[in-house]
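Participant: What follows is a structure written as structure tokens; I'll ask about it next.
The values are calculated or read from the model by the stated rules, or taken from the named source; none is laboratory data. Quick caveat: nothing in here was measured; it's all calculated off a predicted structure. Quick reminder, even Gly has a Cβ in these numbers, built from the backbone with ideal geometry, and neighbours come from all protein chains shown. These accessible areas exclude ligands, DNA and RNA; they are computed on the full protein's heavy atoms, side chains included. Shrake-Rupley method; radii C 1.70, N 1.55, O 1.52, S 1.80 Å.
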Amino acid sequence: MQKIGFIFDLDGVIVDTAKYHYLAWKKLANELGFEFTKEQNEMFKGVSRKRCLEILLDIGNITASQEQFDTWMVDKNVDYLAYIENMDESEVLPDVPRVLSYLKDNNIPIALGSASKNARPILEKVKLLSFFDSIVDGNNVTKAKPDPEVFLIAAENLGVQPSKCIVFEDAVAGIQAANSARMISIGIGDEKVLSEAQFNFNDFTEIDDDFLVKLLS
């Protein structure tokens, strides 16, 4: 059997930290004098913090100096870190540990490929860090999804050919990145939104061992 690697996004795939990102962005928007809705927050899925702030300022029709921009980037992250401070295993999405355990028991290399710059502390808090052979996050990449850089680095770290990697993603940009890297893309979430994925599931409770066996073969 040729070596196969699995790559997981973080937000919306392993844990639901999107709600905390939303609260932090909403707080900043309110401080800047405008509202930021959950519907608008959908545009931030799989997007870097810098790009998110650019979108937020466009929504509020606000211009900023580079110094102001950098300060708001830090302020948002400080608020986000305060929200996630009390995260624990209960925040892991359903059946994620079962799938990770199955792969680990079968000696399958596993990587994280996320735009988050806080991936490692989050995985530590939810007690999943030990499952991952490689962590590639916003601290390791220069290009945001849909550029495939994050997944290509993860594949290289695992020692697996990109075409032999399987990616789990909940964002359109992430699915596009996986497809660009010629990896197998599995969408976690709304099939209509993630229509470019090769496989779709609402969540990991729908992914049984038989499907994993099929992927591994």
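Participant: Would you check which residues across the stretch 154-163 are more than 17 Å from Gly46 (Cα to Cα) and either open to solvent by less than 50 Å² (accessible area, probe 1.4 Å) or touching a residue at least 12 places away in the same chain (Cβ under 8 Å) (or both) and list them?
Facilitator: Of the residues in the stretch 154-163, the ones more than 17 Å from Gly46 (Cα to Cα) are 155-163.
Residues satisfying the conditions are Ala155, Asn157, Leu158, Gly159, Val160, Gln161, Pro162, Ser163.
Participant: If you don't mind, another one. Which one of the conditions (1) open to solvent by 20 Å² or more (accessible area, probe 1.4 Å); (2) of a type in the set (A, V, I, L, M); (3) more than 24 Å from Asp79 (Cβ to Cβ) does Ala144 fail to meet, given that it meets all the rest?
Facilitator: Exception for Ala144: condition (3).
Participant: If you take the residues of the stretch 124-141 that are out of contact with any Lys or Arg (no Cβ under 8 Å at 6 or more places or on another chain) and of a type in the set (Gly, Ala, Ser), which of them is surrounded by the fewest Cβ atoms within 10 Å (Cβ to Cβ)?
Facilitator: Of the stretch 124-141, the ones out of contact with any Lys or Arg (no Cβ under 8 Å at 6 or more places or on another chain) are 124-128, 130, 132-134, 136, 140-141.
This time we only want the ones that are of a type in the set (Gly, Ala, Ser), so: 130, 134.
Values: Ser130: 10, Ser134: 19.
For the stretch 124-141, the residue satisfying everything is Ser130.
Participant: How about the stretch 155-189: which of its residues are touching a strand residue (DSSP E or B) at 6+ places or on another chain (Cβ under 6 Å), among the charged types (D, E, K, R) and under 13 Å from Leu215 (Cβ atoms)?
Facilitator: None - no residue of the stretch 155-189 is touching a strand residue (DSSP E or B) at 6+ places or on another chain (Cβ under 6 Å), among the charged types (D, E, K, R) and under 13 Å from Leu215 (Cβ atoms), so the list stays empty.
Condition check ((1) more than 19 Å from the chain's Cα centre (by Cα); (2) small (Gly, Ala, Ser)) across all residues:
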residue	(1), (2)
Lys3	yes, no
Gly12	no, yes
Thr17	no, no
Tyr22	no, no
Gly33	yes, yes
Gln40	no, no
Ser48	no, yes
Cys52	no, no
Ile55	no, no
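Participant: Are any residues in the stretch 153-176 in contact with a helix residue (DSSP H, G or I) (Cβ under 6 Å, 6 or more places away or on another chain) and part of a helix (DSSP H, G or I), and if so, which ones? If you could, list the steps in order and put the result at the bottom.
Facilitator: Here is the first cut: in the stretch 153-176, the ones in contact with a helix residue (DSSP H, G or I) (Cβ under 6 Å, 6 or more places away or on another chain) are 155, 162, 165-167, 169.
Hits for the stretch 153-176 are Ala155, Pro162.
Participant: If Asp75 satisfies every condition in (1) part of a helix (DSSP H, G or I); (2) open to solvent by 30 Å² or more (accessible area, probe 1.4 Å); (3) without any contact (Cβ under 8 Å) to a residue 24 or more places away in the chain but one, which is the exception?
Facilitator: Checking Asp75 against (1) part of a helix (DSSP H, G or I); (2) open to solvent by 30 Å² or more (accessible area, probe 1.4 Å); (3) without any contact (Cβ under 8 Å) to a residue 24 or more places away in the chain, the one that fails is (3).
Participant: For the structure I just gave you, tell me whether Tyr83 is under 30 Å from Ala29 (Cβ atoms), open to solvent by 20 Å² or more (accessible area, probe 1.4 Å), touching a residue at least 40 places away in the same chain (Cβ under 8 Å) and among the aromatic types (Phe, Trp, Tyr).
Facilitator: For Tyr83, the condition - under 30 Å from Ala29 (Cβ atoms), open to solvent by 20 Å² or more (accessible area, probe 1.4 Å), touching a residue at least 40 places away in the same chain (Cβ under 8 Å) and among the aromatic types (Phe, Trp, Tyr) - is met.
Participant: Would you be able to say whether some residue in the stretch 20-34 is open to solvent by less than 60 Å² (accessible area, probe 1.4 Å), in contact (Cβ under 8 Å) with a residue 60 or more places away in the chain and either in a helix (DSSP H, G or I) or touching a strand residue (DSSP E or B) at 6+ places or on another chain (Cβ under 6 Å) (or both)?
Facilitator: Scanning the stretch 20-34 turns up at least one residue that is open to solvent by less than 60 Å² (accessible area, probe 1.4 Å), in contact (Cβ under 8 Å) with a residue 60 or more places away in the chain and either in a helix (DSSP H, G or I) or touching a strand residue (DSSP E or B) at 6+ places or on another chain (Cβ under 6 Å) (or both).
Participant: Identify, from the list Ile108, Ile188, Ile175, Ile166, the residue that is at pLDDT 95 or above, β-branched (Val, Ile, Thr) and surrounded by fewer than 22 Cβ atoms within 10 Å (Cβ to Cβ).
Facilitator: Working: Ile188 fails: surrounded by fewer than 22 Cβ atoms within 10 Å (Cβ to Cβ); Ile175 fails: surrounded by fewer than 22 Cβ atoms within 10 Å (Cβ to Cβ); Ile166 fails: surrounded by fewer than 22 Cβ atoms within 10 Å (Cβ to Cβ).
Going through Ile108, Ile188, Ile175, Ile166 in turn, the sole match is Ile108.
Participant: Please determine whether any residue of the stretch 42-54 is modelled with pLDDT of 90 or more and over 17 Å from Ala115 (Cβ atoms).
Facilitator: Scanning the stretch 42-54 turns up no residue that is modelled with pLDDT of 90 or more and over 17 Å from Ala115 (Cβ atoms).
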